[in-house]
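Take a look at the structure below.
Every number here is computed from the coordinates shown, using simple stated rules; none is lab data. As the structure is a prediction and not an experimental result, all values here were calculated from the model. Please note: Cβ atoms are built from the backbone with ideal geometry, for glycine as well, and neighbour counts cover all protein chains shown.
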Amino acid sequence: MDKAFSFFLVLRLLFQPTTVFKVLSDLQPSSVVVFLKIALWFGILPPLFAYIGASNYGWRLGNVEPLFLPNQTLVVISIAYFIALLLGFISTSIVSRWMASTYGARHALGVHFAMISIVGAPLALGSVIHLYPDVFINILVLVPAILWSMYLLYRGLPIVLHTTPERGMLMASSLIGYFLVALVSLLGITVALWSYGIGPSLGV
């Protein structure tokens, strides 16, 4: 059954999202298999694209000169980006499983890993825009990717986790709330660390 959940199944989201959800609803994927076959690679793509783009073009923050950082700094930022994505994936999956009892959904951790992988697929694919790290252009691409991920969450969660549409909508909304709180907390921690000198220097 684990073999049925593959990278190619996730790519079918582009054309047949409902079919993918129905297939996944009948599977019992292993959390280790999902993590190693899908989540790990999706987590690598955004930092890799960001590193390549920033090292070649620098970050463009509007009508100013591109911001180029030392290669060593870019490596550290990319690794931190990768770790943050993986922690976000694991924590969201665990929170989703914890919520399952409240909303009468499936409890298997592998299923929640698989669902969050599918929901995150548009963001992983959309991160290719990091190859040209202009802030405005990245926002134009990633905002629709976020909306697509939210659509997949609301549409797929009741099917995959075997719960009612009403409970699925509430659970999806709760997961989005958790994600927003986690994102704001991460930004706050980043700003705090930077204010104490822990972070790349942007001085000239």
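A few notes on this one:
- Filtered by the rule that a residue be crowded, with 18+ Cβ neighbours inside 10 Å and touching a Leu at 6+ places or on another chain (Cβ under 7 Å), the range 41-58 gives Gly43, Pro46, Phe49, Tyr51, Gly53, Ala54.
- Boolean, Val111 is among the aliphatic types (A, V, I, L, M), part of a helix (DSSP H, G or I) and either touching a residue at least 24 places away in the same chain (Cβ under 8 Å) or touching a helix residue (DSSP H, G or I) at 6+ places or on another chain (Cβ under 7 Å) (or both): yes
- The one condition in (1) in contact (Cβ under 8 Å) with a residue 40 or more places away in the chain; (2) under 22 Å from Leu183 (Cβ atoms); (3) in contact with a Leu (Cβ under 8 Å, 6 or more places away or on another chain) that Phe35 fails to fulfil: (3)
- Annotation: Trp98 fulfils all but one of (1) exposed (fewer than 14 other Cβ atoms within 10 Å of the Cβ); (2) part of a helix (DSSP H, G or I); (3) touching a helix residue (DSSP H, G or I) at 6+ places or on another chain (Cβ under 9 Å); (4) without any contact (Cβ under 8 Å) to a residue 60 or more places away in the chain; the unmet one is (3).
- Ser117 being under 20 Å from Phe35 (Cα atoms), buried (at least 21 other Cβ atoms within 10 Å of the Cβ), touching a residue at least 24 places away in the same chain (Cβ under 8 Å) and not aromatic (Phe, Trp, Tyr): yes
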